[in-house]
Structures are given as structure tokens and as C-alpha cells.
């Protein structure tokens, strides 16, 4: 009887440990990077809209600041997922960082089509990783799955 009780306590402890380890609050740095990404993506959308409205002679320069903010935030995200050894999140982050590079190149070359493609791909990239790796809590905050 005592062995059964000890076994049950050990199993419960291990399972609780796995649940606690599986879901965790992301670091403050990571949370700030995600907030910065949201703001940078919104700014990018506004800048792209302005470029569309400017017609033949748009000002591509505001994209520089967007690129810098996106790159910095995705670099934090990449480091976070590499440390956690979550291969699909690492791959997704590396892929979107390629679009940030494409966005920068398009801005420098004033290549409207490439800029629009890169901006669209960056905008679409967040949802897949969020769906796969975060969980909304009852209080409205998030944990990493």
C-alpha cells in the first residue's frame, strides 16, 4: 500500500513538472520583442499604404526604420526559440527574417512589387507561430506552449 502511494506521488510530481515546464511565461525580453513586432508590423502596413498612395514617386525611406525594428525583434525571437530547441519555430523565424532582408533590398532598389510581396509575407508570418506555440490564458495574457 505504501509503495502504491509513493508511486502515485512520484507520478503526480513528474506530471506536474512536465506541465509547468511545457507552459511558461515568456521572458520580459521576448514579450517586449513581440510587442515591438506588432508595432513595427502596423507601422510597416501604414508605410506600405503611403507608398501605394504616392503613386509614381513614392518615398521608400520610412521602410528603413521598419526593417530595423523588425530585424531586432525577430532576432530576439530567433534566439528564444533556438535556446528552447523548437525546430519549427526556429525555421519559421528564419524564414520571416529572409523576408525582412527582402524588404530591405526592395526598399534600397525602390522595387515596388518586391516590397509589397515582402511586406505581405511578413504580415502573414505571425499567425502560424502564434497558433502553434502560444496559449491565451483566462486573464488575457499568454504562455508559451
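The values are calculated or read from the model by the stated rules, or taken from the named source; none is laboratory data. In this text the structure is predicted, and so the values were computed from the model without any measurement. A quick note on method: Cβ atoms are made from the backbone with ideal geometry, for glycine too, and the neighbour counts reach across all protein chains shown.
List of remarks:
- For the stretch 30-42, the criterion of being touching a strand residue (DSSP E or B) at 6+ places or on another chain (Cβ under 8 Å) and modelled with pLDDT of 70 or more is met by none of the residues.
- Any hit, the stretch 122-144, residues being more than 27 Å from residue 27 (Cα to Cα), modelled with pLDDT under 95, more than 16 Å from the chain's Cα centre (by Cα) and exposed (fewer than 14 other Cβ atoms within 10 Å of the Cβ): no
- Any chance residue 108 is in contact with a helix residue (DSSP H, G or I) (Cβ under 6 Å, 6 or more places away or on another chain), farther than 14 Å from residue 47 by Cβ and surrounded by fewer than 16 Cβ atoms within 10 Å (Cβ to Cβ): no
- Among residues of the stretch 85-105 being surrounded by fewer than 19 Cβ atoms within 10 Å (Cβ to Cβ) and in contact (Cβ under 8 Å) with a residue 24 or more places away in the chain, the one that is nearest to residue 32 (Cα to Cα) is 97.
- Of all residues in the stretch 106-145 being in a helix (DSSP H, G or I) and touching a residue at least 60 places away in the same chain (Cβ under 8 Å), the one that is farthest from residue 50 (Cα to Cα): 126
- Residue that is surrounded by 12 or more Cβ atoms within 10 Å (Cβ to Cβ), touching a residue at least 60 places away in the same chain (Cβ under 8 Å) and assigned to a loop (DSSP other than H, G, I, E, B), where the choices are 58, 26: 26
- Condition met for residue 37 (assigned to a helix (DSSP H, G or I) and touching a residue at least 60 places away in the same chain (Cβ under 8 Å)): yes
- From the options 67, 14, residue that is under 24 Å from residue 130 (Cβ atoms) and either modelled with pLDDT of 85 or more or in a helix (DSSP H, G or I) (or both): 67
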